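Working notes, structure below.
The values are calculated or read from the model by the stated rules, or taken from the named source; none is laboratory data. Note that the structure is a prediction, hence the values are computed from the model and not measured. Cβ placement follows ideal geometry from the backbone for every residue including glycine, while neighbour counts extend to all protein chains displayed. All accessible areas refer to the heavy atoms of the entire protein, side chains included, with ligands and DNA or RNA removed. Shrake-Rupley method; radii C 1.70, N 1.55, O 1.52, S 1.80 Å.
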Amino acid sequence: MPLLDVPIPDEPAALPYDLRRFLAEADKRVEAALADARTPAFVPSNYEALFPVLRTLFHSTLLRGTTFAEWGSGVGVATLVAAYVGYDAYGIEAEWELVEEARKLADDFDLSAEFVCGSFIPPGGEEHVLKAGDYAWMTTEEDSSYDDLGLAVEDLDIVYAYSWPDEEQVVAELFEKHAGSGAVLLSCIGGDNFRLRRKMPPKKKAGKVRRK
């Protein structure tokens, strides 16, 4: 099932005051996590730019549903922005310290999102990652997180990921193979640039025409 690029509607949205306050505090905690230097693969997204994208998608007809998951959620800011917009938001992160920070941030701002510690790689996708190479944040050593979430990968309507450049293709391949038909992959490709792709249903094979 190929991935089809989908244009993201350009509908800028001003940041509400409470979201600006949240992001200001989140920036401080992200800086603290980076200074701690125990998770060198953690790179924050542009969360101010992400908000209008998630908001536009939420109110559009592009999504089949509102179940959001972030693959590699770090301190949880993107997942919590999704929760603020109204998604059923889940974050998957392999580093326990970051999961704890994400849960604390959610509690401090009364945002409803669930964070689990483990691998976001779909069950059965480990071999594909191992063949592709050695990637810092795509661990295959942790347990799969989907049982803890009570979800299957096919249940996810929108997956968000901010991959290192050499990892983006592997993430797309995992999504293409394991996500449900109609689900979308939103990728941050640097700065305020995002890419949206939908998993298309398989093409129906043309039936054979019988000769009379």
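Summary of values
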quantity: Region 57-95, residues that are open to solvent by 10 Å² or more (accessible area, probe 1.4 Å) and out of contact with any helix residue (DSSP H, G or I) (no Cβ under 7 Å at 6 or more places or on another chain); calculated: 59, 60, 61, 62, 64, 65, 72, 83, 88, 94, 95
quantity: Enumeration of residues in region 171-203 that are open to solvent by 10 Å² or more (accessible area, probe 1.4 Å) and in a helix (DSSP H, G or I); calculated: 173, 176, 177, 178
quantity: Test result for residue 21, closer than 20 Å to residue 195 by Cβ, surrounded by 12 or more Cβ atoms within 10 Å (Cβ to Cβ), modelled with pLDDT of 95 or more and among the charged types (D, E, K, R); calculated: no
quantity: Any chance residue 127 is under 20 Å from residue 24 (Cβ atoms) and part of a helix (DSSP H, G or I); calculated: no
quantity: Identity of the residue in region 148-170, assigned to a helix (DSSP H, G or I) and touching a helix residue (DSSP H, G or I) at 6+ places or on another chain (Cβ under 7 Å), that ends up surrounded by the most Cβ atoms within 10 Å (Cβ to Cβ); calculated: 153
quantity: Residue match in region 102-118 (condition: open to solvent by 70 Å² or more (accessible area, probe 1.4 Å) and small (Gly, Ala, Ser)); calculated: yes
quantity: Pair list, Cβ under 8 Å, 6 or more apart: region 177-194 residue without any contact (Cβ under 8 Å) to a residue 60 or more places away in the chain and within 15 Å of residue 5 (Cα to Cα), other residue open to solvent by 10 Å² or more (accessible area, probe 1.4 Å) and in a loop (DSSP other than H, G, I, E, B); calculated: 187/162; 187/163
